[in-house]
Amino acid sequence: MRKTASILALVISLMLLFNTSACFANEPSGELKIGLPTLYDQTFHPIWGTLYRRQYMEPMYDYIIGVDADGKYVSEQSVAYKWERTDDLLTWTFYIRKGIKFHNGDDLTNEDVRYTLEQAATKKNNAGSQSDFMEHIAKVETMAPDKVVVSLKKPWPTFINALTALNGAEGLIQPKKYIEEKGDDYFMSHPVGSGPYKFFEWKEGVHVKFVAQDTHWRVGTPKYKYLTFQLMPEEGSRDAALRVGELDIISVGMDRSKRLKKDGFVLQEKKDGLYVGLMWIQQFQSDFPINNKKVREALVYAIDKKTIVDYILAGSGRVVGTATSMFTWAIEYKPYPHTPYDPEKAKQLLTEAGFPKGFTMYLYSFVTKLPETKLINEAIASYWEAVGVKTKLLEMDYSAFKPVWTKKAEPPGPAAFILAWPNRPVYSWRHMYASDALYSHTKDPVMDQLIGDFESETSSEGYIEGARKIMDYVLENAYATGICTTHELHAMSKDVPVWEMGKGVGSYRWEYIGK
Amino acid sequence: MQRYIVIRFIQTVITLLILSIVIFTLVRMSGDPVLLMLPETATEEDYELMKSQLGLNKPVYQQYLIFLFDAVKGDFGKSIRTRKPVILSIKETLPNSIKLVTVAFVIGFALSIPLGIVAAVKKGTVWDNMARVVTGLGQSIPTFWVGLMLLQIFVVWLRILPASGMDTWQHYVMPATCLGIFLMSGVARLLRSSMLDVLDSEFVKMARIKGVRESVVIWKHALRNSLLSVVSFGGMYIAIMVTGAILVETVFAWPGFGRLAYAAIVNQDFPLIQGVVLTAGAVVMSANFFTDILYAYLDPRIRVQV
């Protein structure tokens with residue numbers, strides 16, 4: 001009798017154990033702590049604030065159009081389960097998935113998608129592609145309960161791309177009712193999205209914490225219950241915190257990554273994730289030496305790009321000849337030879353331009369995605385000094401630089417900046433080079449014409465050809481120059497499963513870890 | 001004593017008022033505050049609206065009074081970057097810095113007093129030399145480097161302390177030690193030289209001649225008289241540490257006032273800068289005020305002079 005009771009108890013215990021395990025397997029558990037050098041604006045409104053906030057903001061939202069890790073549009077991961085366009089590319093129809101709810105319990109409807117697109121086409125949009133949306137979107141209508149129809153002023157072949165993680169944050173769906181009730185200011189610090197993680201806590205200057213939904217239509221059950229983005233400015237401190245298990249993943253520079261790898265940590269690489277390029281500030285000002293094409297060319301020839309890649313980036317990257325993000329992911333692009341390092345030619349060009357003794361140049365220095373940016377700036381300053389151009393580094397935070405980039409603040413003189421930004425498959429020429437664009441420092445009617453022609457193309461061949469013409473023109477006039485592409489590095493503990501970071505701009509697909 | 005306190009309080013308030021005028025003037029000299037406060041995408045209507053909301057279309061003296069009364073109420077407006085009320089950010093970070101500095105202060109004084117006394121009493125001996133080496137190193141080694149070394153030793157190698165955070169007493173050990181070391185060195189050196197002066201004075205000689213025990217001579221007569229300069233230095237330094245411990249706060253990811261001030265400046269967050277500068281000014285003035293009171297308590301001559 002006692003033996004039977006013991007067997008019965010054992011069986012019941014085993015059943016309970018398996019039952020509990022099965023139950024736990026279907027729930028998110030634990031906490032994933034990610035250490036970052038900056039949390040940028042520490043706000044959560046998709047289009048109010050820098051695009052880079054998407055690094056921690058993205059798991060909280062859904063995109064109108066979803067992409068997989070290879071950057072391909074996937075309707076199963078899109079709020080719009082289907083989309084159509086007319087042949088003239090002027091009318092786009094999106095069919096909105098039903099049953100998605102925002103974290104406050106409201107249904108996500110076509111009105112929210114309409115609101116999101118309309119907001120992207122206003123001056124309020126500060127997420128990166130304001131001018132594209134304002135230039136193109138004429139009208140957004142909700143025709144049927146699941147339908148949103150967008151009428152464009154002119155063809156926009158890459159419109160779909162602009163609604164994905166491959167571009168800006170404009171595709172992240174905002175809750176219309178909630179924002180209208182509470183206001184944008186409130187929404188910035190009390191965000192509501194429909195993504196797999198919902199907002200849990202923000203401690204200014206400390207961390208941002210999200211909590212997983214038990215199940216989500218796009219991701220299923222997230223692996224981790226909590227997702228915490230810890231602000232830890234000093235790399236040495238992040239390194240120490242990773243080693244003792246206080247953090248699970250850290251953003252890390254090239255140099256330290258090698259040591260961490262040697263010590264048994266896993267390196268998660270977003271290959272060619274970053275493009276590092278040089279751009280001018282207010283080159284259109286006639287009294288600035290950089291208004292002269294020869295001066296711009298001289299400054300480009302003066303830079304030893306290969307040494308920068310080999311020594312500052314420890315060989316983790318490659319020199320590029322393009323003057324913009326690489327078109328490597330979505331659009332095939334011809335390889336461009338990079339401008340060789342030729343200080344003698346630089347001096348000769350400066351002399352021909354009327355500046356044999358050089359002039360004073362300002363170089364804005366700030367860090368966005370690449371910790372080595374400041375070292376690159378110092379190297380460039382020394383290269384320019386070597387050809388007689390006195391270079392003053394202006395150290396500041398990216399947020400402080402932004403008014404200069406958007407022409408709301410004046411530079412002290414002819415200036416330039418190095419920006420390490422995520423490589424993106426579709427590049428906004430208008431955004432960067434059109435005379436009237438927010439971020440453009442070029443005023444050139446030929447360029448405006450080229451951009452106009454490019455934007456009116458409806459065939460993919462014509463589109464690529466148009467892009468090439470603009471690229472050739474940019475290089476011919478030295479309106480910008482690329483330095484290199486490099487990889488974005490994260491070091492992590494062995495307990496964290498390796499995952500595909502994807503090809504999105506500033507997007508890391510944290511919610512897919514362990515999926 | 002009461003009269004002295006009242007006079008010092010009035011002086012403190014006047015200094016703060018002067019500081020507020022300086023901030024008010026400098027902000028208006030450095031550019032249009034509306035342009036600084038508005039987001040980059042604001043329209044002309046937004047500009048006019050904010051101008052009237054801030055009362056900037058009123059005469060300058062009225063503007064100053066509005067600014068002053070709002071500041072007294074703790075209303076510094078909202079941060080441009082985060083849209084969060086500035087006072088909330090200050091309320092969150094200032095106590096963190098005060099807590100850290102308090103611990104650092106205790107560590108600093110607990111080490112510096114015996115060190116300074118030993119160095120003075122054992123002048124010219126190996127103890128004095130050792131104390132001078134220790135204090136010299138404490139002042140010359142960068143705090144930032146000390147922080148990184150402490151991280152390497154206690155977090156990575158020994159694994160007995162946490163790298164960041166501020167939830168338990170263990171979190172305070174490294175950042176407070178970092179700050180405390182610098183304070184300890186300064187106080188110990190000051191105390192040593194001050195003690196040497198006092199030990200050489202007539203009244204100490206008299207006490208010794210009268211046969212007073214050496215420990216009483218040192219701890220009661222010499223130390224109390226030497227503490228005047230130390231109190232003055234410590235009071236000033238505590239205020240500086242509260243508002244400017246940015247390097248230590250950065251290394252240990254400590255969410256303190258120094259990092260808030262740094263973020264305000266690098267982001268040109270005008271309302272936050274205004275709030276932070278006035279608060280920092282108030283902290284320094286308050287520290288001075290209490291130091292002066294303590295000074296008067298320790299030295300009756302000051303009370304008599306007043």
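Among the candidates B:Val126, B:Val133, B:Val204, B:Val187, single out the residue that is buried (at least 17 other Cβ atoms within 10 Å of the Cβ) and more than 22 Å from the chain's Cα centre (by Cα).
B:Val204 is the lone residue from the list that is buried (at least 17 other Cβ atoms within 10 Å of the Cβ) and more than 22 Å from the chain's Cα centre (by Cα).
Whether any residue in segment B:244-252 is more than 14 Å from every other protein chain (Cβ to nearest Cβ) and open to solvent by 40 Å² or more (accessible area, probe 1.4 Å) is what I want to check.
Checking segment B:244-252: at least one residue is more than 14 Å from every other protein chain (Cβ to nearest Cβ) and open to solvent by 40 Å² or more (accessible area, probe 1.4 Å).
I'd like the residue in segment A:331-352 that is surrounded by 18 or more Cβ atoms within 10 Å (Cβ to Cβ) and part of a loop (DSSP other than H, G, I, E, B) and, out of all such residues, is modelled with the lowest pLDDT.
Among them, the one singled out is A:Tyr333.
Go through segment B:74-94 and give me each residue that's within 8 Å of chain A (Cβ to nearest Cβ) and under 16 Å from B:Gly281 (Cα atoms).
B:Thr93
Name the residue, out of A:Ala127, A:Ala138, A:Ala212, A:Ala169, that is within 14 Å of chain B (Cβ to nearest Cβ) and either at pLDDT 95 or above or closer than 30 Å to A:Pro37 by Cα (or both).
None of the other options fit; the residue is A:Ala127.
Go over the candidates A:Leu394, A:Leu419 one by one and state the one that is in a strand (DSSP E or B) and within 14 Å of chain B (Cβ to nearest Cβ).
After ruling out the rest, the residue left standing is A:Leu394.
State which residue is modelled with the lowest pLDDT when the search covers only segment A:353-383 and only residues that are open to solvent by 20 Å² or more (accessible area, probe 1.4 Å) and of a type in the set (Val, Ile, Thr).
Out of the qualifying residues, it is A:Val367.
May I ask you to verify whether A:Glu246 is without any contact (Cβ under 8 Å) to a residue 24 or more places away in the chain, open to solvent by 10 Å² or more (accessible area, probe 1.4 Å) and either more than 17 Å from A:Asp62 (Cα to Cα) or within 13 Å of chain B (Cβ to nearest Cβ) (or both)?
So A:Glu246 fails the test.
How many residues does segment A:29-52 contain that are open to solvent by less than 10 Å² (accessible area, probe 1.4 Å) and at pLDDT 90 or above?
Number satisfying all stated conditions: 8.
Looking only at segment A:190-198, decide whether some residue is polar (S, T, N, Q), more than 14 Å from every other protein chain (Cβ to nearest Cβ) and open to solvent by less than 20 Å² (accessible area, probe 1.4 Å).
Yes.
Can you name the residue in segment B:165-184 that is outside any helix (DSSP H, G or I) and within 21 Å of A:Leu231 (Cβ to Cβ) and is also nearest to the chain's Cα centre (by Cα) among such residues?
So, considering only residues that are outside any helix (DSSP H, G or I) and within 21 Å of A:Leu231 (Cβ to Cβ), the one nearest to the chain's Cα centre (by Cα) is B:Met166.
Write out, first by first residue and then by second, each pair whose Cβ atoms fall under 9 Å of each other, whose residues are 6+ apart or on separate chains, and whose first residue, in segment B:216-230, is in a helix (DSSP H, G or I) while the second is at pLDDT below 85.
B:Arg224/B:Leu298; B:Asn225/B:Leu298; B:Asn225/B:Asp299; B:Leu227/B:Leu298; B:Leu228/B:Tyr295; B:Leu228/B:Leu298; B:Leu228/B:Asp299
All but one of (1) touching a residue at least 60 places away in the same chain (Cβ under 8 Å); (2) more than 21 Å from A:Gly236 (Cβ to Cβ) hold for B:Val133; state the number of the condition that does not hold.
(1)
Would a scan of segment B:149-157 turn up a residue that is β-branched (Val, Ile, Thr), open to solvent by less than 30 Å² (accessible area, probe 1.4 Å) and free of Cβ contacts under 8 Å to residues at least 24 places away in the same chain?
Yes, segment B:149-157 contains a residue that is β-branched (Val, Ile, Thr), open to solvent by less than 30 Å² (accessible area, probe 1.4 Å) and free of Cβ contacts under 8 Å to residues at least 24 places away in the same chain.
Report the residue count in segment A:78-88 for those that are assigned to a loop (DSSP other than H, G, I, E, B) and buried (at least 18 other Cβ atoms within 10 Å of the Cβ).
2
Could you count how many residues in segment A:225-243 are open to solvent by less than 10 Å² (accessible area, probe 1.4 Å) and more than 14 Å from every other protein chain (Cβ to nearest Cβ)?
Summing the residues that are open to solvent by less than 10 Å² (accessible area, probe 1.4 Å) and more than 14 Å from every other protein chain (Cβ to nearest Cβ) in segment A:225-243 gives 1.
Conditions (1) farther than 29 Å from A:Arg318 by Cβ; (2) in contact with a helix residue (DSSP H, G or I) (Cβ under 6 Å, 6 or more places away or on another chain), marked per residue:
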{"site": "A:Ala379", "(1), (2)": "no, yes"}
{"site": "A:Thr391", "(1), (2)": "no, yes"}
{"site": "A:Thr406", "(1), (2)": "yes, no"}
{"site": "A:Ala415", "(1), (2)": "no, no"}
{"site": "A:Trp421", "(1), (2)": "no, no"}
{"site": "A:Arg424", "(1), (2)": "no, no"}
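Right, A:Thr481: touching a helix residue (DSSP H, G or I) at 6+ places or on another chain (Cβ under 6 Å) and buried (at least 21 other Cβ atoms within 10 Å of the Cβ) or not?
Judged against the criteria, A:Thr481 is a match.
Got a number for residues in segment B:92-131 being farther than 30 Å from B:Thr243 by Cα and part of a helix (DSSP H, G or I)?
Number satisfying all stated conditions: 9.
For segment B:286-302: of the residues being open to solvent by 40 Å² or more (accessible area, probe 1.4 Å) and of a type in the set (A, V, I, L, M, F, W, C), which is farthest from B:Ile14 (Cα to Cα)?
Among those that are open to solvent by 40 Å² or more (accessible area, probe 1.4 Å) and of a type in the set (A, V, I, L, M, F, W, C), it is B:Leu294.
Looking at segment A:108-125, is at least one residue in a loop (DSSP other than H, G, I, E, B) and in contact with a Lys or Arg (Cβ under 7 Å, 6 or more places away or on another chain)?
Checked against the condition, which is being in a loop (DSSP other than H, G, I, E, B) and in contact with a Lys or Arg (Cβ under 7 Å, 6 or more places away or on another chain), segment A:108-125 yields at least one hit.
The values are calculated or read from the model by the stated rules, or taken from the named source; none is laboratory data. Because the structure is predicted, anything quoted here is derived from the model rather than measured. Positions of Cβ are backbone-derived with ideal geometry, glycine not excepted, and every protein chain shown enters the neighbour counts. Side chains included, ligands, DNA and RNA excluded: accessible areas come from the protein's heavy atoms. Shrake-Rupley method; radii C 1.70, N 1.55, O 1.52, S 1.80 Å.
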